[in-house]
1. For segment 24-86, state the average projected area of the convex hull of the C-alpha atoms over all orientations, rounded to one decimal in nm².
2. Translational D (Stokes-Einstein, µm²/s) of segment 126-178 at 37 °C and 0.692 mPa s when Rh comes from the Kirkwood sum over C-alpha pairs?
3. Starting with the fewest neighbours, write out LYS118, LYS50, LYS73 ranked by other beta-carbon atoms found within 10 Å of each beta-carbon.
4. Given the Cα-Cα distance of LEU151 and ASN116 and 0.36 nm per residue of separation, how much length would full extension add, in nm?
5. Quick one: dipole size for segment 123-162, taken about the Cα centre, charges +1 on Lys/Arg Cβ and -1 on Asp/Glu Cβ, in debye to the nearest 20.
6. Highest GNM mean-square fluctuation, the chain, Cα pairs closer than 10 Å: which of GLU65, GLU135, GLU39?
7. How high is the relative contact order of the chain, given as a whole-number percent (alpha carbon pairs under 8 Å, six or more residues apart)?
8. To the nearest 20 debye, what is the magnitude of the charge dipole of segment 31-171 about its Cα centre, counting +1 on the Cβ of each Lys and Arg and -1 on the Cβ of each Asp and Glu?
Amino acid sequence: MYQFFKGAQTVGSFFPSTPILASKIVKHIDFSSAKLIVEVGPGTGVFTRKILKKLSKNAVFIAFELNEKFYNKLKIDIIDPRFVLINGSAEDLQTYLVQNGYLEVDYLISSIPLSNFKGKKIVTLLHSFRDLIGEKGTFIQFQYSFNQKRLFHKMFSKVLMDFTQFNIPPAFIYVCKN
């Protein structure tokens with residue numbers, strides 16, 4: 001809860017995401033074909049752990065966490081050769097991936113609290129995410145409101161919505177494709 005008040009721009013809720021929300025997120029991932037999964041804003045790592053349990057041995061999983069406290073905790077708690085943890089912003093994601101030879105992402109999962117940002121920053125991030133998933137990838141974002149629903153439909157050609165009331169607060173899941 002302290003991290004919410006300390007970093008309101010980077011932390012979206014008083015409470016960590018529930019395992020139920022994590023299960024709803026990972027059900028949209030085809031782990032048999034995923035070679036590169038990226039997570040932005042892993043926070044306490046509830047999605048991260050679920051993804052690593054199902055991730056194939058040949059896949060790569062890269063997570064970007066801006067909050068230093070969350071980053072340090074994840075760095076200690078999660079040791080896996082398939083997992084790369086970066087202490088950085090989602091805004092640096094595209095640069096990092098290109099510099100390391102990754103041109104397209106199979107799945108990009110975002111826990112970034114988009115409602116906490118101004119419109120132009122949201123649009124810039126979504127453009128970057130859209131470019132990274134290319135024609136075959138999937139972008140998955142969860143939110144606590146419908147605030148960006150119209151924007152997701154404008155930015156992506158296919159948007160599937162999912163919902164769980166078993167999270168505090170209840171969460172909407174947007175599964176987007178180009």
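Values quoted throughout were computed directly from the atomic coordinates according to the rules given, and no laboratory measurement underlies them. Here the structure is a predicted model, which is why all the values come from computation and not from measurement. Cβ atoms come from the backbone with ideal geometry, glycine included; neighbour counts cover every protein chain shown.
1. One quarter of the hull surface, i.e. the mean projection, equals 3.9 nm².
2. It comes out at roughly 289 µm²/s.
3. Lowest count first: LYS118, LYS73, LYS50.
4. Length gained between LEU151 and ASN116: 11.1 nm.
5. Dipole size: approximately 140 debye.
6. GLU135
7. About 22 percent, as a whole number.
8. Dipole size: approximately 320 debye.
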